[in-house]
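The values are calculated or read from the model by the stated rules, or taken from the named source; none is laboratory data. Remember, it's a predicted structure, so these values are computed and weren't measured experimentally. Cβ coordinates were reconstructed from backbone atoms using ideal geometry, including for glycine residues, and neighbour counts include every protein chain displayed.
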Amino acid sequence: MKNRLKLRLINPNSPLTTITLPDVIKRMTMGRKALFMPVNLAICAAVTPSDYQVEIIDECVHDTPHVPRNDVEVVGIGAMTTQAKRAYQLADEYRRLGVKVIMGGIHPSALPDEALEHCDAVCIGDAEGTWPHALNDLASDQPLKPKYNWRDYPSAPIATPRKDLLNPRDYLVFNPIQTTRGCPHDCTFCTTPAIFGRKFRQRSIEDIVTEMKEAQERGSNFFIFSDDNFAGNHRWALELCQALIPLKIKWASQCDILISNNEKLLAAMRASGCQGLILGLESPNPDTLTEARKRYIDAKSYLRRIKVIQKHRISLWGSFIFGFDNDNWQSCQAAVKFAHRANLVMSCYPILTPYPGTALYEEYQKQGRILTQDWDKYNGATVVFQPKQMSVDQLRHAQMAAFCDFYQPRSAFSRLKIVPFKKNSWLANLAIYRGLVYYYQKKRRPLPSFKDFKNNSLGIPLTK
Ligand code: B12
Ligand code: SF4
């Protein structure tokens, strides 16, 4: 038999310190080394042709940085934007050693020409449709094409990840399951429609159930569906939920709020073990949703819709984005008040980030409002563009004031109540609040508050 080519897949270090509230997240990972296992690379491994012997290096779970070695023929590196800088360093070092480097993932797909300054080829979009073609060219001594664009190849089904190449003990979430790809909506700030298209694609239900049953045999009963919009197709989601009921599992995911239109689906979701959903609400202000091109929904209906979902005993997490042109500190505070009123069990407040590939990025670039292209800073906790109604420091201050306000024990008490006792939500709320207190104690600063804007809105040295 022909010698198999050696392939190394690398997940570049994306330090947890680049995620919003780093200390909090570290404290919440209970000794695990990373939050999520790299599904992208496990999928690349699954669709790697058999001429290759494959290994995965996840730098996020190693104590020291990966040292490139020329003991493989080809390296595949994936990157979302916050990983791009490190991904390029690794690619440059491997190329210096004479190893072929192919990059893929969200950031290289958005900026393939930038990536090609560091690698031999870029796979744009889904690996399922591109990666085997690139590797086959290499194995048959054909020159690599610079770009393998998924739109140029027949579409391939969403693959089942090869989890056997990773250590479950390294991850807080070892069983993220992606059931769908793409999103039918077109919000200006979101990479999903920009990179993966508006055509909503679903994975085979049989494959999903098989993957989950295998995980159950290894002792897992709680699953995260790492979709952008679990219920982008209601009919399909209903079918999936019905197939999940016999498994007696628990699960959580994220989806759009239009799910509230379909109580039959909500009932099936709960019956199949749905515990919670993350909703991308962005803002309770209708004008802000118009600005974000989130046209499919009127923010005035949010509260009513949230109550419909909660009636089915599904807990809700809200995600609100701060920094739209419509936003000032008062509207940020209004978002937190809304989150209280809606009894959301958890809520997050990322800073608006113009990710490459999105309409927002194009617009801000044209307007000269992009302040940095240091991709490490594109983490939702750093202001990388010039906001309209706030200064950079004020926007960051509003974000941290929002976290402190929402997670303070008084707010947790009013949202979560004692009966019925939502143990996990209580633990998460208290852990985040403790993390915030610890973070600001270390900085010897008071917890940020919206009152700071009222007391001295001009020129105050706001907490970073
Ligand atoms: C789970 C998740 C997380 C998890 C884990 C992330 C991880 N890498 O595992 C956590 C919670 C840590 C997280 C954090 C963040 N996330 Co996140 N996350 C997701 C989510 C929901 C699923 C990721 C996933 O597993 N996808 C499934 C895999 C299979 O898809 P994929 O990675 O795109 O891979 C496919 C292709 O891209 C390609 N591919 C990928 N890699 C490679 C490599 C090679 C060699 C090849 C050939 C192909 C290839 O093939 C794969 C299979 O088809 C996505 C949404 C999404 N649709 O992906 C957002 C998403 C990746 N996150 C996003 C963001 C913004 C963040 C945060 C900045 C949010 C914040 N404000 O804190 C942080 C940054 C964290 C950090 N430290 O850098 C954005 C990324 C935007 C961007 N341009 O980078 C996304 C796309 C959400 C969105 N709609 O905008 N996230
Ligand atoms: S609904 Fe969510 S996933 Fe879909 S485009 Fe908007 S932000 Fe992205």
Flag if Ala194 is surrounded by fewer than 20 Cβ atoms within 10 Å (Cβ to Cβ) and in contact with a Gly (Cβ under 8 Å, 6 or more places away or on another chain): no
Tabulated pairs, region 130-141, first free of Cβ contacts under 8 Å to residues at least 24 places away in the same chain, second aliphatic (A, V, I, L, M) and surrounded by 15 or more Cβ atoms within 10 Å (Cβ to Cβ), C-beta under 6 angstrom, 6+ apart or interchain: Asp137/Leu144
First in region 342-368 and more than 25 Å from Ala115 (Cβ to Cβ), second anywhere and hydroxyl-bearing (Ser, Thr, Tyr), Cβ under 6 Å, 6 or more apart: Val345/Ser315; Val345/Ser425; Cys348/Ser319
Out of Ala156, Ala139, report the one residue that is among the hydrophobic types (A, V, I, L, M, F, W, C) and more than 25 Å from Ser226 (Cβ to Cβ). Ala139
Report, by residue number, each residue of region 284-333 that is surrounded by fewer than 16 Cβ atoms within 10 Å (Cβ to Cβ) and small (Gly, Ala, Ser). Ser301
Within region 129-164, which residues are over 17 Å from Val74 (Cβ atoms) and among the acidic types (Asp, Glu)? Asp152, Asp164
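For every residue, the table says whether it meets (1) within 21 Å of Gln330 (Cα to Cα); (2) within 16 Å of ligand 1 (Cβ to nearest atom); (3) surrounded by fewer than 18 Cβ atoms within 10 Å (Cβ to Cβ); (4) in the same structural domain as Thr82 (by TED's automatic domain parsing).
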{"site": "Asn343", "(1), (2), (3), (4)": "yes, no, yes, no"}
{"site": "Ser347", "(1), (2), (3), (4)": "yes, yes, no, no"}
{"site": "Gln365", "(1), (2), (3), (4)": "no, yes, yes, no"}
{"site": "Gln373", "(1), (2), (3), (4)": "no, yes, yes, no"}
{"site": "Lys388", "(1), (2), (3), (4)": "yes, no, yes, no"}
{"site": "Met400", "(1), (2), (3), (4)": "yes, yes, no, no"}
{"site": "Phe403", "(1), (2), (3), (4)": "yes, yes, no, no"}
{"site": "Val419", "(1), (2), (3), (4)": "no, no, yes, no"}
{"site": "Val437", "(1), (2), (3), (4)": "no, no, yes, no"}
Restricting attention to region 47-104, report how many residues are farther than 16 Å from His118 by Cβ, in contact (Cβ under 8 Å) with a residue 24 or more places away in the chain and of a type in the set (Val, Ile, Thr). 8
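What tally of residues in region 239-261 results from selecting those that are among the hydroxyl-bearing types (Ser, Thr, Tyr) and either in contact with a Ser or Thr (Cβ under 7 Å, 6 or more places away or on another chain) or more than 16 Å from ligand 2 (Cβ to nearest atom) (or both)? Explain how you work it out, then say what you get.
Step one: of region 239-261, the residues among the hydroxyl-bearing types (Ser, Thr, Tyr) are 253, 260.
Filter again for either in contact with a Ser or Thr (Cβ under 7 Å, 6 or more places away or on another chain) or more than 16 Å from ligand 2 (Cβ to nearest atom) (or both), leaving none.
Total satisfying the criteria: 0.
Considering Arg218, Arg201, which residue is out of contact with any helix residue (DSSP H, G or I) (no Cβ under 9 Å at 6 or more places or on another chain) and modelled with pLDDT under 95? Quick ask: steps written out before the conclusion?
Values: Arg218 fails: out of contact with any helix residue (DSSP H, G or I) (no Cβ under 9 Å at 6 or more places or on another chain).
After ruling out the rest, the residue left standing is Arg201.
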Scan region 354-395 residue by residue and report those that are touching a Lys or Arg at 6+ places or on another chain (Cβ under 6 Å) and not polar (S, T, N, Q). Trp375, Asp376, Val383, Val384, Phe385
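Yes or no, residue by residue, for (1) outside the structural domain of Thr130 (by TED's automatic domain parsing); (2) of a type outside the set (A, V, I, L, M, F, W, C); (3) surrounded by fewer than 20 Cβ atoms within 10 Å (Cβ to Cβ):
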position: Arg69; (1), (2), (3): no, yes, yes
position: Glu73; (1), (2), (3): no, yes, yes
position: Ile77; (1), (2), (3): no, no, no
position: Thr82; (1), (2), (3): no, yes, no
position: Lys85; (1), (2), (3): no, yes, yes
position: Gln89; (1), (2), (3): no, yes, yes
position: Glu93; (1), (2), (3): no, yes, yes
position: Arg96; (1), (2), (3): no, yes, yes
position: Val101; (1), (2), (3): no, no, no
Listed residues Thr353, Thr382; which is within 16 Å of ligand 1 (Cβ to nearest atom) and buried (at least 22 other Cβ atoms within 10 Å of the Cβ)? Thr353
Inter-residue pairs, beta-carbon under 6 Å, first free of Cβ contacts under 8 Å to residues at least 40 places away in the same chain and in region 214-241, second part of a loop (DSSP other than H, G, I, E, B) and surrounded by 15 or more Cβ atoms within 10 Å (Cβ to Cβ), 6+ apart: Asn221/Ile249; His234/Asn262; Ala237/Ala231; Cys241/Ser272
Which of the residues spanning region 55-91 are within 21 Å of Asp137 (Cα to Cα), in contact with a Gly (Cβ under 9 Å, 6 or more places away or on another chain) and not aliphatic (A, V, I, L, M)? Asn70, Gly76, Gly78
Considering only region 262-285, state which residues are hydrophobic (A, V, I, L, M, F, W, C) and away from ligand 1 (no atom under 16 Å from the Cβ). Leu265, Leu266, Ala267, Ala268, Met269, Ala271, Cys274
Residue among Ile208, Ile195 that alone is touching a residue at least 60 places away in the same chain (Cβ under 8 Å), within 14 Å of ligand 1 (Cβ to nearest atom) and in contact with a helix residue (DSSP H, G or I) (Cβ under 9 Å, 6 or more places away or on another chain): Ile195
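Matching residues to (1) modelled with pLDDT of 90 or more; (2) of a type in the set (D, E, K, R); (3) within 9 Å of ligand 1 (Cβ to nearest atom); (4) not in a strand (DSSP E or B):
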| residue | (1), (2), (3), (4) |
| --- | --- |
| Leu7 | yes, no, no, no |
| Ile10 | yes, no, yes, no |
| Lys26 | no, yes, no, yes |
| Arg32 | no, yes, no, yes |
| Ile57 | yes, no, no, no |
| Thr64 | no, no, no, yes |
| Asn70 | yes, no, no, yes |
| Gly76 | yes, no, yes, no |
| Ala84 | yes, no, yes, yes |
